[in-house]
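Beneath this line is the structure, given in structure tokens, with notes to follow.
The values are calculated or read from the model by the stated rules, or taken from the named source; none is laboratory data. Note that the structure is a prediction, hence the values are computed from the model and not measured. Backbone-built Cβ (ideal geometry, glycine too); neighbour counts: all protein chains shown. Ligands, DNA and RNA are stripped out before the accessible areas are found, and what is left, the full protein with its side chains, is counted by its heavy atoms. Shrake-Rupley method; radii C 1.70, N 1.55, O 1.52, S 1.80 Å.
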Amino acid sequence: MNLAIVGYGKMGQLIDELSPQYGFTTQLRLDEFNNPAQAMMTPEHFAGIDVAIEFSTPETCVANIRRLAELKINTVVGTTGWLAHLDEVRALIAAQDTGFVWSPNYSIGVNVFSRLVAEAARWLANENEYEAWAWEIHHSQKKDAPSGTLLKLVGDMRQAGYSRTIDQSASRAGAHPGTHEIGFDSAADTITLRHSARSREGFARGALKAAQWIAGRKGFYEFSEILFADKHQK
């Protein structure tokens, strides 16, 4: 399958390196220098492309998504910080009848972690003596804070029925690839759940797994729907 990478920073380069392991040949690599204002996103340049993986910036992401949908290119988006436009993008994908996968985090470990967090929140929802916090740290170059992953974790807790205050905080320092922590504290004890990434590789592999899955399909999906689909059927 032929792959286009839109956003060729550290994540895009790692995806390019790993893509042959997932059956892809990278045919197009776009960045801020060769693709200003989506100049290279034309039918000619995207001829023969099966899937695009988008890892750019919150400022350019939605414009890239819109253009890829117009080109009828199935897309996996790994950029964070754009979710205020999620309903708009959902409608766009439906109107263009294409395929789309999004996630605040493509790490398989993080997606399993979110299930554990939701389960803990469900069990503690009616235990009023337990208060909760949500914290994360990333490298100093990450532009959105708190991370999209932390916001989703808090959302998962809310959906699980935890309605009390969840104190949220974020740190930005150095080259840290990402740690997320959810805690519950009472006078009697503390429960701490933590996921720490060692590198960007888990995110890249998850995005490529999503690209494999969405190739040839239509519809709007969040990565966990794909990741846990077979498990739900058992």
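Brief remarks follow.
- Pairs with Cβ under 7 Å, 6+ apart, first in segment 36-50 and closer than 17 Å to Arg66 by Cα and in contact (Cβ under 8 Å) with a residue 60 or more places away in the chain, second of a type in the set (Asp, Glu) and open to solvent by 60 Å² or more (accessible area, probe 1.4 Å): none
- Per-region count, segment 58-109, residues touching a residue at least 60 places away in the same chain (Cβ under 8 Å), farther than 17 Å from Leu30 by Cα and surrounded by fewer than 19 Cβ atoms within 10 Å (Cβ to Cβ): 7
- The sole residue among Ser199, Ser114 that is of a type in the set (Ser, Thr, Tyr), within 29 Å of Leu18 (Cα to Cα), open to solvent by 40 Å² or more (accessible area, probe 1.4 Å) and not in a strand (DSSP E or B) is Ser199.
- First in segment 175-189 and within 15 Å of Asn105 (Cα to Cα) and at pLDDT 90 or above, second anywhere and of a type in the set (Phe, Trp, Tyr) and assigned to a strand (DSSP E or B), Cβ under 8 Å, 6 or more apart: His180/Trp135; Glu181/Trp133; Glu181/Trp135
Here's the yes/no breakdown for (1) within 21 Å of Asp189 (Cα to Cα); (2) touching a strand residue (DSSP E or B) at 6+ places or on another chain (Cβ under 8 Å); (3) polar (S, T, N, Q):
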{"site": "Val117", "(1), (2), (3)": "yes, yes, no"}
{"site": "Asn126", "(1), (2), (3)": "yes, no, yes"}
{"site": "Tyr130", "(1), (2), (3)": "yes, yes, no"}
{"site": "His138", "(1), (2), (3)": "no, yes, no"}
{"site": "Lys143", "(1), (2), (3)": "no, no, no"}
{"site": "Met157", "(1), (2), (3)": "yes, yes, no"}
{"site": "Thr165", "(1), (2), (3)": "yes, yes, yes"}
{"site": "Ala175", "(1), (2), (3)": "no, no, no"}
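- Residues located in segment 136-172, provided they are under 21 Å from the mean Cα position of the chain (by Cα) and among the small types (Gly, Ala, Ser): Ser140, Ala145, Ser147, Gly148, Gly155, Ala160, Ser169, Ala170, Ser171
- Positions within segment 143-177 being open to solvent by 50 Å² or more (accessible area, probe 1.4 Å) and within 18 Å of Val77 (Cα to Cα), in sequence order: Lys143, Leu151, Lys152
- Screening Val51, Val62 for residues that are within 15 Å of Ile5 (Cβ to Cβ) and more than 13 Å from the chain's Cα centre (by Cα) leaves exactly one candidate, Val51.
- The set of residues from segment 126-142 being open to solvent by 80 Å² or more (accessible area, probe 1.4 Å) and not in a loop (DSSP other than H, G, I, E, B) comprises just one member, Glu131.
- Among the conditions (1) at pLDDT 95 or above; (2) out of contact with any helix residue (DSSP H, G or I) (no Cβ under 9 Å at 6 or more places or on another chain); (3) part of a helix (DSSP H, G or I); (4) not polar (S, T, N, Q), the only one that Ala84 does not satisfy is (1).
- For segment 101-127, the set of residues classified as among the β-branched types (Val, Ile, Thr) and closer than 14 Å to Ala197 by Cβ consists of Ile108, Val110, Val112, listed by residue number.
- Scanning segment 8-48 for residues that are closer than 17 Å to Cys61 by Cβ, assigned to a loop (DSSP other than H, G, I, E, B) and either at pLDDT 95 or above or open to solvent by 20 Å² or more (accessible area, probe 1.4 Å) (or both) returns Tyr8, Gly9, Asp31, Glu32, Ala39, Met40, Met41.
- Sole exception among (1) over 22 Å from Phe228 (Cα atoms); (2) part of a helix (DSSP H, G or I) for Ala120, by number: (1)
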